[in-house]
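Novice: First the structure, then my questions, so here it is.
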Amino acid sequence: MRYQNFSERTRRLHEAAQEGGWELHNAASPEYLPIWVATHPQPEYSRSRIAWAMMHGNEPTGFEALVQFIRRGAPAFNWTLVPMVNPTGIDAFSRLTVEGVDLNRCARQAGPSESDALKSILQTSRYELALNLHDQRSIFHPAGIYTPSSLSILAPAAMKGSVAVQPDRAVAWAGSLSLWMRERRPDWGYARFDESYYPTAFGEWVQELDIPTVTVETGVALGDASRAEVGQALFEVLCRTDAHLSPDEQGRAHYFNLPYNASDGCDFELKSGTQSSYWKLWEVVQDGGYVSGIERVESVEDLCPYQCIEVAHVDFNLLTQRPIWTTAELYATAASSLRDLAAVLPR
Ligand SMILES: [Zn+2]
């Protein structure tokens, strides 16, 4: 389920913690919504690792994977997990906080309270690995490959003197995560983000604390617009990470063999004879309710559609009369091709 409000996610997190024997404490001051931190009292090793998710409130796949990981019970490593960094953004299903702040651009400033809390958690222990979990939009695909990027990774650069470098161990871990997911799902798209240095982003800042850091961006997969299968695969990759003292020896080479992410992807090309129109996934939360559908892409230059669907002429004409269709409206049409399309949209 793509949207749940903060209290529902909190309820699920607490339920999972109880089941898996994890402890939760609140890292936020009492005047703010809680920032829950999960730790396990009896990990196999004392070595510390950290993962956090939902700095952006409309990116829940990392949360889903972490909740499963928590429910599973005692981890091998001493993980600190922060599954919901942006409580007000979660309620609004928005990238930004309710004050309009992008928390992933606040690494080197005082405030707001959410990024301050994450920073102090990151500074309290000598973590040997940090995973910064995000979702990416479906416009991203591996350059040259017409399938969405289901997993894009980045070993963020760190400044050494005046030169930006990608630390070897972070690169090897990033490549390992991608490799392990690809072993499970070779049919999905895998890419890396360009290594441009963004000083205000958390990944770069944490890397400069000398913690090997990986930014993980999960996306959609064909037939998995809700990212449920991608979330399950991310959970399995987390389990595999927890089973390894060190990154896979192929990780580094795999990282540099990955294509870069290109950003001209488009979810659907709908065709009727020689006519074509291009559509992308669309979702919004209004009045506390989640609505999904498709939105027409107006500029069609050099788009890479992932799926081409042939529809009858009459259905094509109906569809192209409007720029946005909700899933419910598509279901309500008489056209079976449009109802089939509705069935694969996120919910
Ligand atoms: Zn994000």
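Novice: Have a look at ALA332, ALA253, ALA328 and point out the one that is assigned by TED's automatic domain parsing to the domain that holds ASP187 and surrounded by fewer than 16 Cβ atoms within 10 Å (Cβ to Cβ).
Specialist: ALA253
Novice: For region 49-71, indicate whether the set of residues that are assigned by TED's automatic domain parsing to the domain that holds ASP242, assigned to a strand (DSSP E or B) and more than 16 Å from the ligand (Cβ to nearest atom) is non-empty.
Specialist: The answer is yes, given that some residue of region 49-71 is assigned by TED's automatic domain parsing to the domain that holds ASP242, assigned to a strand (DSSP E or B) and more than 16 Å from the ligand (Cβ to nearest atom).
Novice: Name the single residue, out of those in region 307-321 being buried (at least 19 other Cβ atoms within 10 Å of the Cβ) and under 16 Å from ASP267 (Cβ atoms), that is farthest from the chain's Cα centre (by Cα).
Specialist: Filtering first and then ranking leaves VAL311.
Novice: Quick one: in region 130-147, of everything that is crowded, with 22+ Cβ neighbours inside 10 Å and either away from the ligand (no atom under 16 Å from the Cβ) or of a type in the set (Ser, Thr, Tyr) (or both), which residue is nearest to the chain's Cα centre (by Cα)?
Specialist: Looking at the filtered set, the residue picked out is HIS141.
Novice: Go through (1) touching a residue at least 60 places away in the same chain (Cβ under 8 Å); (2) surrounded by fewer than 21 Cβ atoms within 10 Å (Cβ to Cβ); (3) among the aromatic types (Phe, Trp, Tyr) and name the single condition TRP79 misses.
Specialist: Result: TRP79 passes all but (2).
Novice: Applying the selection to region 113-129, what residues are in contact with a Phe, Trp or Tyr (Cβ under 9 Å, 6 or more places away or on another chain) and either of a type outside the set (Ser, Thr, Tyr) or away from the ligand (no atom under 15 Å from the Cβ) (or both)?
Specialist: Within region 113-129, SER113, GLU114, ALA117, LEU118, LYS119, ILE121, LEU122, GLU128, LEU129 meet the criteria.
Novice: So LEU151 passes all but one of these: (1) surrounded by fewer than 22 Cβ atoms within 10 Å (Cβ to Cβ); (2) touching a helix residue (DSSP H, G or I) at 6+ places or on another chain (Cβ under 6 Å). Which condition number does it fail?
Specialist: With (1) surrounded by fewer than 22 Cβ atoms within 10 Å (Cβ to Cβ); (2) touching a helix residue (DSSP H, G or I) at 6+ places or on another chain (Cβ under 6 Å) applied to LEU151, the lone miss is (1).
Novice: Checking THR88 against (1) within 18 Å of PHE6 (Cα to Cα); (2) part of a loop (DSSP other than H, G, I, E, B); (3) away from the ligand (no atom under 13 Å from the Cβ), which test does it fail?
Specialist: All conditions pass for THR88, except number (2).
The values are calculated or read from the model by the stated rules, or taken from the named source; none is laboratory data. This one's a predicted model, so the numbers in the text were calculated from it and none came from an experiment. All Cβ positions, glycine included, derive from the backbone under ideal geometry; neighbour counts span all protein chains shown.
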